[in-house]
1. Compactness ratio of the range 133-178: Cα Rg over 2.2 N^0.38 Å, N = residue count?
2. Under 8 Å for C-alpha pairs, at least 6 residues apart: give me the relative contact order for the range 70-202, rounded to a whole percent.
3. From the phi angles alone, apply the Karplus equation (6.51, -1.76, 1.60; θ = phi - 60°) to the range 153-158 and give each ³J(HN,Hα) in whole Hz, x where the residue is Gly or Pro.
4. Hey, can you grab everything whose amide H is under 5 Å from the amide H of residue 24? Only 5+ residues off in sequence or another chain; H modelled, so Pro and N-termini drop out.
5. Can you work out the Karplus-derived ³J(HN,Hα) for every residue in the range 229-234? Use 6.51 cos²θ - 1.76 cosθ + 1.60 with θ = phi - 60°, whole Hz, and x for glycine or proline.
6. Separation of the range 118-187 and the range 379-410 by C-alpha centroid, Å?
7. Tabulate in residue order the Karplus-calculated ³J(HN,Hα) for the range 370-384, using 6.51 cos²θ - 1.76 cosθ + 1.60 with θ = phi - 60°, rounded to whole Hz; enter x for Gly and Pro.
8. When only DSSP loop residues count, what trypsin sites (Lys or Arg not before Pro) in the range 79-157 have their Cβ near at most 16 other Cβ atoms within 10 Å?
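Every number in this text was worked out from the coordinates using simple rules, so none of it is lab data. Fair warning: this is a prediction, and the values are worked out from it, not measured in the lab. Please note: Cβ atoms are built from the backbone with ideal geometry, for glycine as well, and neighbour counts cover all protein chains shown.
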Amino acid sequence: MPAFEPVRYAALTDVGVKRSHNQDACAAQPAVDASAYEANGHVFVVADGMGGHAVGEKASAKAVRDIPFLYLKHAKNGIGTALRQAFVETNAGIHAIGEENHEFRGMGTTGTALVLRPEGAWVGHVGDSRCYRIRDGQAEQLTFDHSWVWEIAKRQGIDPDELGDFKKNVIIRSLGPDAEVEVDVEGPHPVRPGDTFLLCSDGLTGPVHPQEIGAVVSAVPLDEAARLLVHMANLRGGPDNITVMIVRVPGGPANKAAKKAGPGAFRRALRAWSRAVPWPFTALGAGSVVALLSLSLRVAEVPGAVPLFLVAALIILAGLVGLVIDVKSEPEGATAPRDDADRPLNVYKKHDCAITETIAERFAKIETELAAGMKAHDIPTDWKAYDKLAAAVEKAGDPLTARAFRARCEALLFLAEAFHKSRHKAEAFRPNW
């Protein structure tokens, strides 16, 4: 068995430009050893509070504190069940605080949790914070936004982006306002070595397009990617609090299932077939095929036709017995599916994260205009160090290569961090790219 390899992650939350208080929160609870990973996995949570300054902060802080704790408490009951129960009990706790204290009435928060385990990734979700899986040049959104615009788009069968800004920030489901809440739990999503998961609040996905997010995360180290994404949201106005949490799957025990791709894929195919076709019908079909084969052998006067026919008869008989048993044991009412049962996995949107000419030009423009603005307003930075980074961009050649884009991100991050340090000292310069 390979040695346990800790998961790599980076997290950053920022108040943004327009807000005075940060109502976002995030928490990470990675497994400390192989046994903890096998039992519970790595847990990551992002929350975006609502309901006024102190109220929103209190709700999101409680969510990121309680969800991991309650998940671990119930993990022995099954991962999906534990994740759902953690959200339900967290909702009840936040709602109780709002009911008991008039000043906290209506407090609420979004909540998105990622659990990485040997069998794959589980996602628990309420609200419009998001979870993406970035793999092979694609950013795949694994969560459904519980917002008016997404719900209307679903009913009309169109892409939410086609509705523009129509009720874009109005969410219809969150933790806290109501005594009960419907929780989305999906998994296990297959995990491969090198997969990257990103959890974030809408303060990131509003100003920064998922295509840009995926390109940055794929190009630079996790910590630098988190910082650059937050800076980009702020450079484009920072209208809301911004939270980014990036998790990269190592090549250790986390990918045990992925390394056994052959048998795992075969078993998944069998389970998918059994969900679509009950086993008695499969047996009847297989028995009929074997019977036809025995008949062919009989016609061709090849030995073995009779034993093969007997086998076919036994298979068909087993199918008939199975049908009788299924009919007699069919419950009168429908039963709810188990949280840990196999189910279709949803990827709600996909974005190509390839470094296109448009993205390369966009990042180059941000860097050029930021540098010019900082010089015009005498914002201090080490310009010699920046010149070296800019020269590295030119030396990298073709701007569409990963090397050149990485160099561009490093130069942009250098400027953005210098600007961020002086942001409150030079309010006259407010870029909005």
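1. The reported ratio for this selection is 1.35.
2. Once normalised by length, the contact order is 31 percent.
3. Working through the residues one at a time gives 4, 5, 5, 8, x, 10 Hz.
4. The answer is 49.
5. My calculation for the range 229-234 gives 5, 5, 4, 4, 4, 5 Hz in order.
6. Centre-to-centre distance over Cα atoms comes out at 36 Å.
7. 5, 4, 5, x, 5, 5, 5, 9, 6, 7, x, 6, 8, 5, 5
8. Here the sparse-neighbourhood loop sites are 105.
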